[in-house]
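Undergrad: Starting off with a structure, shown below.
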Ligand code: F6R
């Protein structure tokens, strides 16, 4: 998965705009970056490493040209090298191409092109595209026709942008990878995501699968695959450019952890009535579901989905949760009445999209629960509910997890006839309670105490079990240290063998009935000399059993785990900070995983 950007306008130095845009897209991949600006000839710069390496390579005065494309890469075909960085060009260097996605038939196209004397410089699947364009041009096709002809030869998923030498036009196409156009006062943009150009414009057009776009300083034209002009709707995105900056925090992750009260408020706004806690989700007015619910999701979103499924089951709705990569609609009974919910921050995760597409084919009703307006999940599902967390730049998901949990609590109350109002009413006080955790947390000093641990274990029961797994995932991805999360009762069935005085155990001790049983598990690990940190809403009862307490306010058994998770996010952040890890961009990971 990668990020692409294109710009054409009246600004002479397109390279400055492209570099700024690439910084806003780095969360999508950061193992190499490149750009190309159209002048009399094509100027192409690309470097292994982060956008800063590319920035250093581009001359200080910028590149003299008003149209160009850029790319930040997360490798799939070929290792991260200068050669494999995009853009890629044809043999005559008259067209440069950037691409996000996977070309599945690249080998057969490469064989065909090599047989007709095309020379390849990289190991990427993308490089077939400029050579296909070159071929089409030699048959007398116009540049636009050649671009369209090349795209028609591709199997797979793609968002592609191309720029030709001595031209002010950028061409683009989309199939199963995101692409959004931006309409500015001084030019037009295209990108994988809005943060790439939010500094310049908030007016956007989301392309649909199978659509092509042509942008130049005078305007933009969107067409279908046959070239017929398509009417498009211009939307205004509500993101503040400030949202995309760090606002004084050292890392986006810390900023986003601190944005959780606001994110939750936004998620609740105009959905929960002040008086009685009734939930109305306008987007779901036409959702008519009385069958079982299946959740499909990956990673952090999967943990949120497990939480949602538990809530539904408690409220008498049959619900199951599947890892999207393991979901097989053919062997899982899906009927007309089944609702399949894809929980996905980005709305672009390939595994989740594959599962949702499979569900669509079975006739089930599909619902995207996502943070991303105009994402593939929104476009391809029958219904969509936005979690409204605002842009999340750090690779590690934090505020979107909290917003997903809150959105799922609201969704569960809408789908259930037996849901009792009090938990939903309590949602309204949750933002203030999260703020209390942020203001009073001693997570930093606990992180300092245990930064050298061999491993970290997280245990919890019931609604706390997915939160324990999420706590471990966060710790792993940003500290690179061994961490595991378990349902607390499972500890004694194997993992206990790993517990020692060098493996702190974080025990989620909230919720009336399950808390006592989790305390039983605490005594088991203490007997093996493990230091124990309790995350609890009843410190007076728990203090005597543990070494440290991370306190959270009481929000009832269903919502307190959301607060407990904030403490675990902070512990992971401060351990990673002490270890000097690149917190916002952990190695080997990317924000949006658009490959299976
Ligand atoms: C972890 C993390 C990932 C994502 C997963 C799914 O912090 O962010 O585990 O949760 O890749 O991504 P989305 O929610 O975009 O489908």
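Undergrad: If I go through segment 273-291 residue by residue, how many of them are outside any strand (DSSP E or B) and closer than 26 Å to residue 392 by Cα?
TA: 5
Undergrad: Show the residue pairs that are 6+ apart or on different chains and have beta-carbon atoms under 6 Å apart, the first residue being within segment 292-313 and touching a residue at least 40 places away in the same chain (Cβ under 8 Å), the second being away from the ligand (no atom under 16 Å from the Cβ) and assigned to a strand (DSSP E or B).
TA: Every condition considered, the pairs that remain are 293/319; 293/339; 294/320; 312/293; 312/319.
Undergrad: Could you look through segment 151-174, keep only residues that are closer than 19 Å to residue 92 by Cα and part of a strand (DSSP E or B), and pick out the one that is nearest to the chain's Cα centre (by Cα)?
TA: By that ranking, first place goes to 161.
Undergrad: Got a sec? Which of 270, 294 is surrounded by fewer than 19 Cβ atoms within 10 Å (Cβ to Cβ) and either away from the ligand (no atom under 13 Å from the Cβ) or not in a helix (DSSP H, G or I) (or both)?
TA: Of the residues listed, the single one that is surrounded by fewer than 19 Cβ atoms within 10 Å (Cβ to Cβ) and either away from the ligand (no atom under 13 Å from the Cβ) or not in a helix (DSSP H, G or I) (or both) is 270.
Undergrad: Which residue out of 336, 382 is touching a strand residue (DSSP E or B) at 6+ places or on another chain (Cβ under 6 Å) and surrounded by fewer than 22 Cβ atoms within 10 Å (Cβ to Cβ)?
TA: Just a single option satisfies the conditions, and that option is 382.
Undergrad: Of all residues in segment 188-225 being free of Cβ contacts under 8 Å to residues at least 24 places away in the same chain and over 18 Å from residue 158 (Cβ atoms), which is surrounded by the most Cβ atoms within 10 Å (Cβ to Cβ)?
TA: That would be 201.
Undergrad: Further question: Would you confirm whether or not segment 432-448 contains a residue that is within 16 Å of the ligand (Cβ to nearest atom), buried (at least 20 other Cβ atoms within 10 Å of the Cβ) and under 20 Å from residue 555 (Cβ atoms)?
TA: No, because not a single residue in segment 432-448 is within 16 Å of the ligand (Cβ to nearest atom), buried (at least 20 other Cβ atoms within 10 Å of the Cβ) and under 20 Å from residue 555 (Cβ atoms).
Undergrad: Mind checking whether some residue in segment 345-361 is out of contact with any strand residue (DSSP E or B) (no Cβ under 6 Å at 6 or more places or on another chain), buried (at least 16 other Cβ atoms within 10 Å of the Cβ) and under 30 Å from residue 435 (Cα atoms)?
TA: Scanning segment 345-361 turns up at least one residue that is out of contact with any strand residue (DSSP E or B) (no Cβ under 6 Å at 6 or more places or on another chain), buried (at least 16 other Cβ atoms within 10 Å of the Cβ) and under 30 Å from residue 435 (Cα atoms).
Undergrad: Just need a number here: residues in segment 516-542 that are under 15 Å from residue 553 (Cα atoms) and either without any contact (Cβ under 8 Å) to a residue 12 or more places away in the chain or part of a helix (DSSP H, G or I) (or both).
TA: 4
Undergrad: When residue 232 is evaluated against the numbered criteria (1) modelled with pLDDT under 95; (2) in contact with a strand residue (DSSP E or B) (Cβ under 7 Å, 6 or more places away or on another chain); (3) under 30 Å from residue 415 (Cα atoms), which criterion, by number, is the only one it fails?
TA: Going through (1) modelled with pLDDT under 95; (2) in contact with a strand residue (DSSP E or B) (Cβ under 7 Å, 6 or more places away or on another chain); (3) under 30 Å from residue 415 (Cα atoms) one by one, residue 232 breaks only (3).
Undergrad: So is residue 582 more than 21 Å from residue 260 (Cβ to Cβ), within 16 Å of the ligand (Cβ to nearest atom) and surrounded by fewer than 22 Cβ atoms within 10 Å (Cβ to Cβ) or not?
TA: Criteria met by residue 582.
Undergrad: Is there a residue in segment 35-42 that is under 28 Å from the mean Cα position of the chain (by Cα), surrounded by 24 or more Cβ atoms within 10 Å (Cβ to Cβ) and either modelled with pLDDT of 90 or more or not in a loop (DSSP other than H, G, I, E, B) (or both)?
TA: Within segment 35-42, one or more residues are under 28 Å from the mean Cα position of the chain (by Cα), surrounded by 24 or more Cβ atoms within 10 Å (Cβ to Cβ) and either modelled with pLDDT of 90 or more or not in a loop (DSSP other than H, G, I, E, B) (or both).
Undergrad: Here's another thing I want to ask about it. Would you check which residues across segment 4-34 are in a strand (DSSP E or B) and crowded, with 24+ Cβ neighbours inside 10 Å and list them?
TA: Across segment 4-34, the qualifying residues are 4, 5, 6, 7, 8, 32, 33, 34.
Undergrad: Identify all residues within segment 373-388 that are in contact (Cβ under 8 Å) with a residue 40 or more places away in the chain and within 11 Å of the ligand (Cβ to nearest atom); write none if there are none.
TA: Within segment 373-388, 375, 376, 387 qualify.
The values are calculated or read from the model by the stated rules, or taken from the named source; none is laboratory data. Keep in mind that this is a model prediction, so the values were computed, not measured. With ideal geometry, Cβ positions are generated from the backbone for all residues, glycine too; neighbour counts draw on all protein chains shown.
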